Amino acid sequence: MGKSEKRKALIKIAKDLDKIVHGVATDEKGEPTDTFIEYLDLMYTEDEADVVSHLENLPNLKTLRTLAKELQRDRKELKALLKNLARRGYVLEISNQFLLPTPLFVYDLPFILKINTDSPEVKKLAELSRKYFEDGYYVKWSTQRIGNPRFRILTISEKIESSKQIVPLEEIYSLIEKSRTVCVMPCPCRSRHDIEGIRQCDYPVETCLTFNLYAESLLTMNDPAVRQLTKEEAIELVKKTAELGLVHATDNYQGEMHIICSCCEDCCSQLAGMLRPGLNKSPSIAKANYIASIDSEACTACQTCLDRCKFGAITVNDHAIVDEEKCMGCGLCAVTCPSDAITMKRLEREEIPITEHVPF
């Protein structure tokens, strides 16, 4: 396979990935961008690109025997190639069958798994991922093909005004308790910025929680960057990251949860569109159905909440005042209020979409 044949294989891979709800970076004609193809070119050798171009998306898994017959390849050699790619997350393996990675795996796993972050091409991958994101992929990534924000804010439970107002689908501890498998991994957004040498925040990197099918897929890769946690450990991590000032968000759909991100305004690919000038202003994250409520008598106007709010939703005069339109419902203001003057009050304002797609 020469360069032109490899490019054709990479374009086929990109077009197949683009059929999934998050899609990939495409130009105004709907074709995969040159930047994204260059990104894939670093991920796959010529031989690997040829093999991967014969894989499909869920639910169309292929056995080793089927692939060997299609490609007219030695099964033992093909198995070794696919197993190596599966360890890196560059193909997915389920019950000894293989399929394409999802766009989320393509976008994030080069910057999560140690086997990938130790590779010589990782810095160039980080640069290209930022470029194709900023060149226009942000719109598709943040709002998906179905037109909904990809993520939604989660509220810290102990700050919700009354236990009767807790809706399990929308509250972070309840979601963790309902999960069957929990892992922690490096935040790919902070990892990218670290690799490029452009990170400005000092938040910890090992903060992303993964669950259920996503976590189970990552555990099969046996990479030291991914650790399984108990539910209690996961809840403690959420409490710690909230106190540090990180915003929690998850998949914006009614279905099995796969991730809880701990987002910052410097690195996060979700908050970027909301907080950075010049990027797409589409609603990349849906608001929580809770808002901060201030007890004006208890409030001492210390301005702790003002400093912690990432969305400009709080002003302080004699006491703190919350702009309900700007408040995203994260609860960061309430978590460290020294006078315990802030609770999170239920406010119905976002409907969580119902969808059958796997969100990664």
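Computed from the coordinates by the stated procedures, all read-outs in this text should not be read as laboratory data. Remember, it's a predicted structure, so these values are computed and weren't measured experimentally. No Cβ is skipped: glycine too gets one built from the backbone with ideal geometry, and neighbour counts run over all protein chains shown.
Percent of C-alpha pairs per 10 Å bin in the chain, short distances first: 5, 24, 32, 23, 11, 4, 1, 0. What's the center-to-center distance, using Cα atoms, between region 301-324 and region 202-257 in Å? About 29 Å separates the Cα centre of region 301-324 from the one of region 202-257. Computed 3J(HN,Hα) for region 242-255, one whole-Hz value per residue from the Karplus formula 6.51 cos²θ - 1.76 cosθ + 1.60 where θ = phi - 60°, is 5, 4, 6, x, 9, 8, 9, 8, 9, 4, 8, 6, 8, x, glycine and proline marked x. Expressed as a rounded percentage, what relative contact order does the chain have, with Cα pairs under 8 Å and six or more residues apart? After rounding, I find 16 percent. The length gained on full extension between residue 75 and residue 240, counted as 0.36 nm times the residue separation minus their Cα-Cα distance, comes to 54.6 nm.
Decide, for region 290-346, between rounded, prolate and oblate: order the square roots of the alpha carbon gyration tensor eigenvalues as a ≥ b ≥ c, take rounded if a/c falls under 1.5, and otherwise choose prolate if a/b is larger than b/c, else oblate. Note, shape of region 290-346 comes out rounded. Of all aspartates and glutamates in the structure, the ones whose alpha carbon falls short of 13 Å from that of residue 19, not counting any fewer than 8 places away in one chain, are 31, 56. Could you check which residue among 155, 220, 102 shows the biggest mean-square fluctuation in a GNM of the chain with a 10 Å Cα cutoff? Of 155, 220, 102, the Gaussian network model singles out 220 as fluctuating most. For the chain, the longest principal axis of the alpha carbon atoms and the long axis of helix 75-88 meet at an angle near 20°.
The dipole here belongs to region 3-100: it is taken about the Cα centre, uses +1 on the Cβ of Lys and Arg and -1 on the Cβ of Asp and Glu, and is about 560 debye. Between 246, 209, 67, the GNM of the chain built on Cα springs shorter than 10 angstrom shows 67 fluctuating the most. Counting only lysines at least 8 places from residue 114 when in the same chain, those with an alpha carbon closer than 19 Å to its own are 83, 123, 124. Relative to the longest principal axis of the chain, what angle (0 to 90°, nearest 10) does the C-alpha long axis of helix 3-17 take? For helix 3-17, the angle is close to 40 degrees. Under the criterion of Cα pairs below 8 Å and six or more residues apart, the relative contact order for region 290-346 equals 49 percent. Pop the C-beta distance of residue 324 and residue 158 into the FRET formula with R0 = 30 Å and round what comes out to the nearest 0.05. Efficiency for this residue pair is about 0.90. Residues considered: 84, 252, 116. Largest GNM mean-square fluctuation over the chain, using C-alpha springs under 10 Å, is found at 84. Let me make sure I get this right: for region 149-286, a, b and c are the square roots of the gyration tensor eigenvalues over alpha carbons, sorted descending. Under 1.5 in a/c it's rounded, otherwise prolate if a/b > b/c, else oblate. Which is it? Oblate, because a/c is 1.5 or more while a/b does not exceed b/c. Label-to-label distance, residue 46 versus residue 254, with points set 7 angstrom from Cα along the beta-carbon direction: 5.2 nm.
Annotated for region 149-286: lysine pairs at least 8 residues apart or interchain, Cα distance under 16 Å, count 5. Principal-axis analysis of the Cα atoms of the chain puts helix 122-132 at an angle of about 70° to the longest axis. Do you know the relative contact order of region 3-100, to the nearest whole percent, from alpha carbon pairs under 8 angstrom that are 6+ apart? This gives 26 percent for region 3-100.
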